[in-house]
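In what follows, a single structure is set out as C-alpha cells and then discussed.
The values are calculated or read from the model by the stated rules, or taken from the named source; none is laboratory data. Worth saying up front: this structure is predicted, and the values here are computed from it rather than measured. Note that each Cβ is placed from the backbone with ideal geometry, even for glycine, and that neighbours are counted across all protein chains shown.
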Amino acid sequence: MAHFPARVFSGVQPTGNLHLGNYLGAIVKFVELQRTHECIYCVVDLHAITLPQKPAELKASIREVTAAFIAAGIDPRAHIVFNQSQVAEHAELAWVFNCVARIGWLNRMTQFKEKAGKDKENASVGLYAYPCLMAADILVYRATHVPVGEDQKQHLELSRDIAQKFNLDFSESIAACGHGDAFFPLPEPLIQGPATRVMSLRDGSKKMSKSDPSDYSRINLSDDAETIAQKVRKAKTDPEPLPSEVEGLARRPEAENLVGIFAALNGETKQGVLKSFGGAQFSAFKSAFVDLAVAKLGPIGNEMKRLNADPAYIDNVLRDGADRARGIAQKNMAAVKDILGFVR
C-alpha cells in the first residue's frame with residue numbers, strides 16, 4: 001500500500017466577520033497542528049463565489065481572514081498560507097474530479113439542499129459541484145489530514161470516495177507511471193478545536209453565526225477589549241446558579257454554552273469550570289469570563305487591526321504562500337495528466 005507523508009490541508013471561506021465559533025472550532029486547531037505537521041492553510045475564495053459576492057467586500061474579506069490566521073498564531077513562513085484563486089491547479093483538478101464523481105454522490109450532499117433551499121433550480125452549478133472543488137483543494141496537495149467541522153464531514157467522505165475511485169479507475173496507469181498502487185491518499189478527518197459547536201450568546205439553541213442580525217450574538221475576532229467585555233456581560237443566561245456537575249447543564253442551553261466557551265478558552269473541561277464556579281451566580285462567573293475572554297481574544301483583535309492597516313504585507317504573505325503552494329500543486333497536477341493520458 002502506498003505511503004504518503006503526513007500533510008495537513010484546511011480552508012476557511014472569506015465571508016467576513018470571523019467570530020469566536022470559527023476560532024474555537026477551527027483556528028485553534030490550525031495553530032496547534034503546526035507543531036506536529038506540515039500545514040497548508042487556504043482562504044477559499046473560489047468557494048466563496050458559489051454565492052453572490054461584492055468584489056470589493058470579497059477582497060477585504062480575503063485579507064481579513066489572512067490577518068486572523070496570522071494574529072491567532074499561524075506562522076506563514078514556516079507553513080503555507082495563500083488564497084485559492086492564485087493556484088489554478090485547484091480548478092483544473094476540480095474538473096477532473098467532476099468527471100470522476102457521480103451525480104448520485106452529489107445528490108446526497110445535504111449542504112447543497114440547505115444552501116439552495118426551495119429554489120434549487122436557480123442555484124449555481126458551482127454550488128452543486130462545490131464538493132468536487134473541495135476534494136481538489138485537499139488532493140492537489142495529496143494531503144493526508146483535514147481538520148473538518150461537522151458541516152463538512154460529508155464533503156470529506158466524498159473526497160475519500162473520489163480519491164478511491166480515481167485510484168481504482170486508473171490503477172494500471174498509476175502503476176505504469178511509477179506511483180505504486182495509489183496516487184491519492186484517502187484523507188483522514190481531524191476533530192477540530194476545543195469547542196466544535198459554539199452557540200449564539202443570545203440564544204443557546206442556535207449556532208453562533210456571522211449572519212445573525214444581532215452583533216451581540218457573537219464575539220468577532222476583530223472586536224476590541226471593551227466590545228468583548230460588553231458582549232459577555234450581555235450574554236443571555238437563566239436565573240439559576242451554576243450547577244456543580246455537568247449533568248446539571250442539561251436543558252440549560254445558555255449556561256451550557258457559556259461554560260463550554262469558558263472551558264475552551266481556558267484549556268480545561270466543563271467539569272473543571274463547574275468545580276470553580278458551581279453554586280455561583282452568573283454575575284461572578286461573567287466577571288471571570290470577561291477577564292479570560294479579553295486576555296485571550298483582545299490581543300488577536302489588536303493584531304488583526306494592525307495587520308489590516310497594512311494590506312501590502314498581507315498581499316505579500318498570500319503571494320509567497322501561493323508560490324510555494326503552486327510548486328506542490330503543479331508537480332501533482334502534471335502527474336495526474338500523465339496518469340490520465342494527456343499529452344503535455
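Among residues of the range 225-251 that are of a type in the set (Asp, Glu), those with a beta-carbon under 7 Å from a residue that is in a loop (DSSP other than H, G, I, E, B) and surrounded by 14 or more Cβ atoms within 10 Å (Cβ to Cβ) at least six positions away or on a different chain give the pairs ASP238/ARG252. Scanning the range 294-329 for residues that are touching an Asp or Glu at 6+ places or on another chain (Cβ under 6 Å) and in the same structural domain as SER173 (by TED's automatic domain parsing) yields a count of 1. Number of residues in the range 35-73 that are under 26 Å from GLU114 (Cα atoms), without any contact (Cβ under 8 Å) to a residue 12 or more places away in the chain and not in a helix (DSSP H, G or I): the value is 3. The set of residues from the range 230-265 being of a type in the set (Gly, Ala, Ser), under 18 Å from LEU24 (Cβ atoms) and not in a loop (DSSP other than H, G, I, E, B) comprises ALA255, GLY260, ALA263, ALA264. Total residues in the range 1-34 satisfying the condition of being touching a residue at least 60 places away in the same chain (Cβ under 8 Å) and of a type in the set (S, T, N, Q): the figure is 4. Please work out if GLY25 is among the small types (Gly, Ala, Ser), in a loop (DSSP other than H, G, I, E, B) and within 28 Å of ASP224 (Cβ to Cβ). So GLY25 does not fit the description; no. Per the conditions (1) under 23 Å from VAL31 (Cβ atoms); (2) of a type outside the set (Phe, Trp, Tyr); (3) within 23 Å of the chain's Cα centre (by Cα), the sole criterion not satisfied by ALA225 is (3).
Taken over the range 300-330, the criterion of being without any contact (Cβ under 8 Å) to a residue 12 or more places away in the chain and either surrounded by 14 or more Cβ atoms within 10 Å (Cβ to Cβ) or not in a helix (DSSP H, G or I) (or both) is satisfied by ALA309, ASP310, TYR313. For the condition modelled with pLDDT under 95, buried (at least 21 other Cβ atoms within 10 Å of the Cβ) and either closer than 28 Å to TYR216 by Cα or in the same structural domain as CYS132 (by TED's automatic domain parsing) (or both), what is the one hit in ASN22, ASN17? Within the list ASN22, ASN17, the selection yields ASN22. State yes or no: is ILE162 buried (at least 17 other Cβ atoms within 10 Å of the Cβ), modelled with pLDDT of 95 or more, farther than 25 Å from ARG102 by Cα and not charged (D, E, K, R)? When the stated conditions are applied, ILE162 does not pass them. Checked across the range 114-133, the condition of being touching a residue at least 40 places away in the same chain (Cβ under 8 Å), within 30 Å of LYS165 (Cα to Cα) and touching a Gly at 6+ places or on another chain (Cβ under 9 Å) holds for at least one residue.
The one condition from (1) more than 20 Å from LEU93 (Cβ to Cβ); (2) outside any helix (DSSP H, G or I); (3) under 22 Å from the mean Cα position of the chain (by Cα); (4) in the same structural domain as ASN83 (by TED's automatic domain parsing) that LYS210 does not meet is (4).
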